Amino acid sequence: MTTNASTRTIEIPRVLSVKDLGDLMGVSPVEVIKELMKNGVMASMNQVIDFDTAAIVAADMGFEAVEARAAQQAQVPVEAASARPAIDEDAANLAPRPPVVTIMGHVDHGKTSLLDAIRETKVTAGEAGGITQHIGAYQVQVGDHQITFLDTPGHEAFTAMRARGAQVTDVAVLVVAADDGVMPQTREAIDHAKAAGVPIVVALNKMDLENANPDRVKKELSDNGVVIEEWGGDVPLVPVSARTREGLQDLLENIIVVSDVLELKADPGRPAIAVVIEAELSKTRGPLATVLVKTGTLNVGDYVVVGETMGRVKAMLNESGKRIKSAGPSEPAEILGLQSVPRAGETLRVAPDEKTARTTVIERIREREAAAMRQQQRITLDTLFGEISAGKLKELNIILKTDVQGSIEPIRTSLERLSNEQVKVKIIHTGSGSITESDVMLAVASKGIIIAFNTGTEGGADRQAATEKVDIRHYSVIYNIVEDVDKALKGMLEPTFREVITAHAEVRQVFKVSRKNSIAGAYVRDGTIARSDSARVLRDGAQIAEGKLASLKRFQEDVREVTTNFECGIQVEGFDSFEVGDVIECYRTERET
Ligand code: GDP
């Protein structure tokens, strides 16, 4: 780096082209390009670079860069600048914004009914004559406050958005049916909300039922780490009935109280940043996307970049189907005018002009391609030590799935005990049964790994883990889990072999071939089984045997492989008690690269 005694100060906007930077410094763009190359950035003259990059190059060329105040930025057209004069992120410009709420809970506990009841009592009243339509989110008025509800209930959607880097939810409403209590998905929802650091408000639903048993539910909640206010904790619990509408107002007020503590703020004056909640292609109106504004104000006429597409907002509709001209923080809006359909969870940003929008899209596509080359870096036990030593990892998040409930505690205790000064071992979710897609998404969202003890992986989850590069480790001896995690923490783990699940087959018939031997007549549900694979035999989701394939046959003939939707005969070494309904999960081991 050339340090210059007579350093000059230049004001650089948040984004600018390479040529603009050259102009500001009074040097040719070629000089700037050369300097960028020295810093590993390949750029053309018209390429848009951000302030940080520009500042580094400027420093190398003897300039001190300060960020230009947004109102003075050359890129903002006069028209847009006057419409939104204060494009600034000063704390002084921040104003309170409504909370964004997701409803979670076990199936049939009344999530949809509750969303509908709140919408009907609150939205249609205010929008007389308006046709409520599903756009993915809606807002209700509570006194002088507003609340935005995401209209897709469930922690799956919530965690899927987080996995894509978009946390939009501020408060989770956990619906628990008073007659049914805490169920498996209730527990999952609790863990998913906690992993995201989102506060919970419990809606104790179905209070109209005679067999409602609030005391039992309170106890179960507390057993699962949700301590309600009445019991000295900080989680409000509100008895409600989606059917009789009782308690709804109280629920809404509690959401307001909880979100007040969060001091949610945004700057309505700046260009909008929003998140896509839902998107689809309409035959008549083209690509449609419902976005939720995180900060700033989105206006009709704005140029926007969303993921890898762009457009100009032609029109915006609210949840009543009414045309609106602008949408502020926490406000949902359906927008028309994108060039193609974006994906849920992607971020929308307003661009100063069409050219910048286009350049940004091109940049993003290039960046994605480059990232694909570099391969996504997720946490795996093998890379763990490197992350710890580099100071990048302070917590190892583990999702633990076991065959039976009873195995959870001993494993949890032994693993948590491995925490040291540098890194804390944190079990963020546990459960018995196979690994589900929801577990994989939680691992992605929380940058965690999954440990499976005597249990398998559901077909969909398995494919997802492969695409998302989530590390799933299978064990059948507790000691080995503890040993591996311990070694990983200390950086002593030998480069290992990764397990790749190749197929799932379902046992449909069992043939006795001799007194000691039987063959499973199986149907391949997904994947392709290879003769060289190993297999786990799963009964009701729990592993009952594991071994190499002893034979793989089609019509009595030995074959090298059998693919999806075909039947075959399978024998597993050392196992002879197949039953109809067993699942054979096949896998091979590959050397970790
Ligand atoms: P979700 O799966 O959590 O979305 O649950 P739903 O909203 O579909 O509700 C499941 C069932 O419970 C439906 O038959 C609802 O009519 C019923 N239900 C929902 N809320 C209440 C309530 O407050 N009281 C009673 N009695 N039934 C309810």
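The values are calculated or read from the model by the stated rules, or taken from the named source; none is laboratory data. Nothing here was measured: the structure is a model prediction, and the numbers come from that model. So basically every Cβ, Gly included, is an ideal-geometry build from the backbone, and we count neighbours across all protein chains shown. Accessible surface areas use protein heavy atoms only, side chains included; no ligands, DNA or RNA. Shrake-Rupley method; radii C 1.70, N 1.55, O 1.52, S 1.80 Å.
Details
- Annotation for segment 421-429: at least one member residue is more than 27 Å from ALA160 (Cα to Cα), out of contact with any Pro (no Cβ under 6 Å at 6 or more places or on another chain) and not hydrophobic (A, V, I, L, M, F, W, C).
- Counted residues, segment 544-593 - those being of a type in the set (Asp, Glu) and in contact (Cβ under 8 Å) with a residue 60 or more places away in the chain: 7
- Residue that is farthest from the ligand (Cβ to nearest atom) [pool: residues in segment 144-187 that are among the polar types (S, T, N, Q) and within 21 Å of the chain's Cα centre (by Cα)]: GLN167
- Failed criterion for ALA274 (all others in (1) open to solvent by 70 Å² or more (accessible area, probe 1.4 Å); (2) more than 15 Å from the ligand (Cβ to nearest atom) hold): (1)
- Restricting segment 229-260 to residues that are free of Cβ contacts under 8 Å to residues at least 12 places away in the same chain and either among the basic types (Lys, Arg) or assigned to a helix (DSSP H, G or I) (or both), the residue that is farthest from the ligand (Cβ to nearest atom): ASP260
- Single unsatisfied condition, VAL341 versus (1) under 21 Å from ILE118 (Cβ atoms); (2) open to solvent by 30 Å² or more (accessible area, probe 1.4 Å); (3) part of a loop (DSSP other than H, G, I, E, B): (1)
- Any hit, segment 546-561, residues being open to solvent by 20 Å² or more (accessible area, probe 1.4 Å), part of a strand (DSSP E or B) and in contact with a helix residue (DSSP H, G or I) (Cβ under 7 Å, 6 or more places away or on another chain): no
- Residue match in segment 288-307 (condition: touching an Asp or Glu at 6+ places or on another chain (Cβ under 6 Å), among the aliphatic types (A, V, I, L, M) and closer than 27 Å to ALA92 by Cβ): yes
- Restricting segment 203-228 to residues that are polar (S, T, N, Q) and touching a residue at least 24 places away in the same chain (Cβ under 8 Å), the residue that is farthest from the ligand (Cβ to nearest atom): ASN224
- Among (1) open to solvent by 20 Å² or more (accessible area, probe 1.4 Å); (2) within 27 Å of GLU409 (Cα to Cα); (3) not small (Gly, Ala, Ser) - the single one ASP260 does not satisfy: (2)
Residue-wise test of (1) within 30 Å of ASN205 (Cα to Cα); (2) at pLDDT below 85; (3) in contact with a strand residue (DSSP E or B) (Cβ under 8 Å, 6 or more places away or on another chain); (4) within 16 Å of the ligand (Cβ to nearest atom).
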{"residue": "GLU67", "(1), (2), (3), (4)": "no, yes, yes, no"}
{"residue": "SER82", "(1), (2), (3), (4)": "no, yes, no, no"}
{"residue": "PRO85", "(1), (2), (3), (4)": "no, yes, no, no"}
{"residue": "VAL100", "(1), (2), (3), (4)": "yes, no, yes, no"}
{"residue": "LYS111", "(1), (2), (3), (4)": "yes, no, yes, yes"}
{"residue": "GLU120", "(1), (2), (3), (4)": "yes, yes, no, yes"}
{"residue": "GLY130", "(1), (2), (3), (4)": "yes, yes, no, no"}
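- For segment 562-589, a residue qualifies if it is farther than 17 Å from VAL507 by Cβ and open to solvent by 70 Å² or more (accessible area, probe 1.4 Å), and the qualifying residues are ARG588, THR589.
Conditions tested, residue by residue: (1) out of contact with any His (no Cβ under 6 Å at 6 or more places or on another chain); (2) open to solvent by less than 70 Å² (accessible area, probe 1.4 Å); (3) acidic (Asp, Glu).
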{"position": "GLN185", "(1), (2), (3)": "no, yes, no"}
{"position": "ALA189", "(1), (2), (3)": "no, yes, no"}
{"position": "ALA195", "(1), (2), (3)": "yes, yes, no"}
{"position": "VAL198", "(1), (2), (3)": "yes, yes, no"}
{"position": "ASN211", "(1), (2), (3)": "yes, no, no"}
{"position": "ASP223", "(1), (2), (3)": "yes, no, yes"}
{"position": "PRO236", "(1), (2), (3)": "yes, yes, no"}
{"position": "GLN249", "(1), (2), (3)": "yes, no, no"}
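- VAL41 being assigned to a loop (DSSP other than H, G, I, E, B), touching a helix residue (DSSP H, G or I) at 6+ places or on another chain (Cβ under 9 Å) and modelled with pLDDT under 85: yes
- The residue list ARG245, ARG312, ARG216 contains one member that is open to solvent by 10 Å² or more (accessible area, probe 1.4 Å) and closer than 21 Å to GLY143 by Cα, which is ARG245.
- Breaking point among (1) in a helix (DSSP H, G or I); (2) modelled with pLDDT under 90; (3) out of contact with any helix residue (DSSP H, G or I) (no Cβ under 8 Å at 6 or more places or on another chain), for TYR479: (2)
- Any pair with Cβ under 7 angstrom, 6 or more apart, that starts in segment 97-119 at a residue that is under 22 Å from GLN167 (Cα atoms) and ends at one that is among the polar types (S, T, N, Q) and open to solvent by 30 Å² or more (accessible area, probe 1.4 Å): PRO98/GLN146; GLY105/GLN185; HIS106/GLN185
- Filtered by the rule that a residue be at positive phi and part of a strand (DSSP E or B), segment 312-338 gives a lone residue, GLY337.
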